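To start, the structure under review is shown below, and the notes come after it.
The values are calculated or read from the model by the stated rules, or taken from the named source; none is laboratory data. Here the structure is a predicted model, which means the values were calculated and not measured. Ideal geometry is used to build each Cβ from the backbone, glycine not excepted, and the neighbour counts take in all protein chains shown. What goes into the accessible areas is simple: the full protein's heavy atoms, side chains included, and nothing from ligands, DNA or RNA. Shrake-Rupley method; radii C 1.70, N 1.55, O 1.52, S 1.80 Å.
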Amino acid sequence: MTSTSMRTHQCGELRAEHVGQTVSLCGWVGRRREHGEKLAFVDLRDHTGVVQCVVDNEVDVRSEYVVRITGVVRERPEGTANDALPTGEVEIGECRVEVLRRATPPPFPIDARADEVDEQIRLQYRYLDLRRERMQRNLRIRSTVNSAVRAAMERQGFVEVETPMLVPSTPEGAREFLVPSRKEPGSFYALPQSPQLFKQLLMVAGIDRYYQIARCLRDEDLRADRQYEFMQLDMEMSFVGQDDVLDAVSEAVLSAAEAVTGERPDRIERMTWRHAMDRYGVDKPDLRFGMELVELTEVFATTEFKAFAGAGAIKAIRVPGGADEYGRNQLDKLTDRAKSLGAKGLVWLKVTAEGFDSPVAKFLSADEAAALRARTEAEPGDLVLVVADEWATTCEVLGQLRNDIGRPPVHQGPYRYVWIVEFPLFVGIDATTGRPKPGHHPFCMPHPDDLHLLETDPMAVRALAYDLVLNGWELGSGSIRIHESELQRQVFANLGIDQEAADRKFGFFLNPFEYGAPPHGGFAFGLDRLVAILAGEENIREVIAFPKTQSGSDPMTNAPVPGDPRQLAELGLRVLPPAT
Ligand code: ASP
């Protein structure tokens, strides 16, 4: 029981065992219902819940008034208990009501009905939205996750160190927010897209194990799982290999999950990037459902069917029961979708008792048809979708179709965590430089078994880089870092960055490594995403007290606002009309 001088109890804690006690409660007035001529039922609400108070109906209490009610806890009359309410067996009688503050009627009801209200309005009146049970619960889950993560890191010997918010630009790839310097007009700080630079320097500094619940800022388009500012559990450790980092992070994530759900998930499984792409077609596989990609390249090695002949990779997914579900129209839509994702086409086959019902069935040999059926384990009534293309396109297109067709909403149980390891060191070719692009950032350690490929076949080099994925959402990434300048130079050379450019761009970061950098590696995962999933929310805005809208504004404070001319002058800034 919590008591302060103003109240003896909190609303949501009252039960039958309190019957007979005189209590003082403080909170906001929820629903009010007139009860006969003399009395009214008033729901009194604080952060712990709601309790029914029976008050004299002469008393002027209205929706959202702030009141203090003193009265006697009594059992509700026979037949009027409310099972849906934890306090539903009792009510407060003989009430004396003190109005602490009157309130303007709120723009929406402070209960579940506000879920239907336009989000813009909810965000404009966020302080009212946050009074609601759902939002109170989400913020408390968030606090539970933060403290569980912190405790797990402390338990493992990590030291919390705060890093600055005004930093130089760091080479991690995201667009940054710039902050103009008043003392040096024309010069800018960046807001940190992550503490990457500083945490690695903390390893040079001998901190050994660092962590921070860090605010990170990236100027990228907002989505259900992305805000300009977000919180990460950021960590780095010295004298370790990949498994040490994965174990330390797993401990933090599993402890947080346990603190919220009461159940500790199993050890987090590990899967190589190659396997994830081959079987799920994405680097963040959702393991809550099947429909895995089935390998068929061999089956069609000597095919005469033109659409399959000579393809780099042929794979299929089986949609159980899909034959009836997908009419001609929907199959056309799936085909268009596959093409928009980069495939040359999509082959569909409806499985019947005798064979396949499909415009392409006649092009398959009896052996091919039999092998296709066996490999996909197709049953009559299923739909089989096949893509034949370059390996990456085949995987990605089918992976996306698999998600489109089968993926449940992210927040629906069960929770399926997976580590994806051995990401490629480089991904794709930068259109402007014609050079490979770093898969994560340019400081990731190449896989020791692939070092010999750096010069001859860089795109085949794997990195000691890993992601943590939960229900198809990427929770975070990390890597073992390069701590030797010779190797770093080689990787820069792959990226088309010569010694002079490397010194100019990254010297401030890399020169300190010359003073004795230990082998080190780390990771960062997004707390907003983890909290959202654990709270059963599909959108991270629901677990952030004051988020921005999808368009990056805050309807409550109106930020961002035009620059004040005096401030701009002081900063040496002039605003140009927007480029057309
Ligand atoms: N700084 C990286 C990120 O925020 C994480 C890491 O490599 O530790 O994604």
(request) Note down the Stokes-Einstein diffusion coefficient of segment 395-535 in µm²/s, whole number, using a Kirkwood radius over alpha carbon pairs, 25 °C, and 0.890 mPa s. (result) 144 µm²/s
(request) With θ set to phi - 60°, apply the Karplus curve 6.51 cos²θ - 1.76 cosθ + 1.60 along segment 84-89 and write out the HN-Hα couplings as whole Hz, x wherever there is a Gly or Pro. (result) 6, 10, x, 9, x, 7
(request) Diagonalise the Cα gyration tensor of segment 459-513 and give the resulting equivalent ellipsoid semi-axes, square root of 5 times each eigenvalue, largest first, whole Å. (result) 27, 13, 10
(request) Work out how much length Gln156 to Arg113 would gain on full extension: take 0.36 nm times their residue separation and subtract the Cα-Cα distance, in nm to one decimal. (result) 11.1 nm
(request) Past 18 Å, Cα to Cα, is the threshold; run Lys306/Lys344; Lys306/Lys333; Lys339/Lys362; Lys306/Lys362; Lys284/Lys344 against it and keep the listed order. (result) Lys306/Lys333; Lys339/Lys362; Lys284/Lys344
(request) With both partners inside the chain, how many of the DSSP beta bridges are antiparallel, as a percent to the nearest 5? (result) 95 percent
(request) Quick one: dipole size for segment 443-501, taken about the Cα centre, charges +1 on Lys/Arg Cβ and -1 on Asp/Glu Cβ, in debye to the nearest 20. (result) 180 debye
(request) Using a 1.4 Å probe and ignoring any ligands, DNA or RNA, find the accessible area of Arg32 and quote it in Å² to the nearest 10. (result) 70 Å²
(message) Whole angstrom only: what separates the Cα centroid of segment 174-199 from the Cα centroid of segment 296-312?
(response) 52 Å
(request) Could you work out the per residue convex hull volume over the alpha carbons of segment 34-117, in cubic angstrom? (result) 120 Å³
(message) Just to check, using Stokes-Einstein with a Kirkwood Rh over alpha carbon pairs, what's the diffusion coefficient of the chain at 10 °C and 1.306 mPa s in µm²/s?
(response) 56 µm²/s
(request) Using the Kirkwood radius over Cα pairs, work out the Stokes-Einstein diffusion coefficient for segment 16-65 at 20 °C and 1.002 mPa s, in µm²/s as a whole number. (result) 184 µm²/s
(request) Please name whichever of Thr104, Pro320, His452 sits farthest to the positive end of the charge dipole of the chain, dipole taken about the Cα centre and charges placed at Cβ: Lys and Arg +1, Asp and Glu -1. (result) Thr104
(request) Quick one: order His35, His520, His18 from most to least accessible surface, probe 1.4 Å. (result) His35, His18, His520
(message) In Å², and per residue, what accessible area does the chain have when probed at 1.4 Å with the other protein chains present?
(response) 49 Å²
(request) Compute the separation of the alpha-carbon centres of segment 382-452 and segment 9-66 and state it in Å as a whole number. (result) 55 Å
(message) How large a share of the accessible area of the chain, in percent, is made up of carbon and sulfur atoms when the probe is 1.4 Å and the other protein chains stay in place?
(response) 49 percent
(request) Can you run the Rg to Rh ratio on segment 138-231? Use alpha carbon positions and the Kirkwood inverse-distance Rh. (result) 1.03
(request) Could you tell me what % of all Cα pairs in segment 105-169 have separations over 14 Å? (result) 70 percent
(request) Hand me the GluC sites (Glu not before Pro) from segment 340-431 located in a DSSP loop with no more than 12 other Cβ atoms within 10 Å, in residue order please. (result) Glu354, Glu377
(request) Specify which residue in the list Tyr189, Ala338, Ala366 is farthest towards the positive end of the charge dipole of the chain, using unit charges on the beta carbon of Lys, Arg (+1) and Asp, Glu (-1), about the Cα centre. (result) Tyr189
(message) I need the phi-derived Karplus couplings for segment 258-271: 6.51 cos²θ - 1.76 cosθ + 1.60, θ = phi - 60°, integer Hz, Gly and Pro marked x.
(response) 5, 4, 8, 9, x, 10, 8, x, 5, 3, 7, 6, 10, 8
(request) Could you rank Ser5, Ser187 by how accessible they are, 1.4 Å probe, largest area first? (result) Ser5, Ser187
(request) With the Cα gyration tensor of segment 390-469 in hand, give its eigenvalues times 5 under a square root as the equivalent ellipsoid semi-axes, listed largest first in whole angstrom. (result) 29, 17, 11
(request) Using the Cα centre as the reference, give the magnitude of the dipole from point charges on the C-beta atoms of the chain (Lys, Arg: +1; Asp, Glu: -1; all else neutral), rounded to the nearest 20 debye. (result) 1420 debye
(request) Normalising by the residue count of segment 179-320, find the relative contact order in percent from Cα pairs under 8 Å and 6+ residues apart. (result) 12 percent
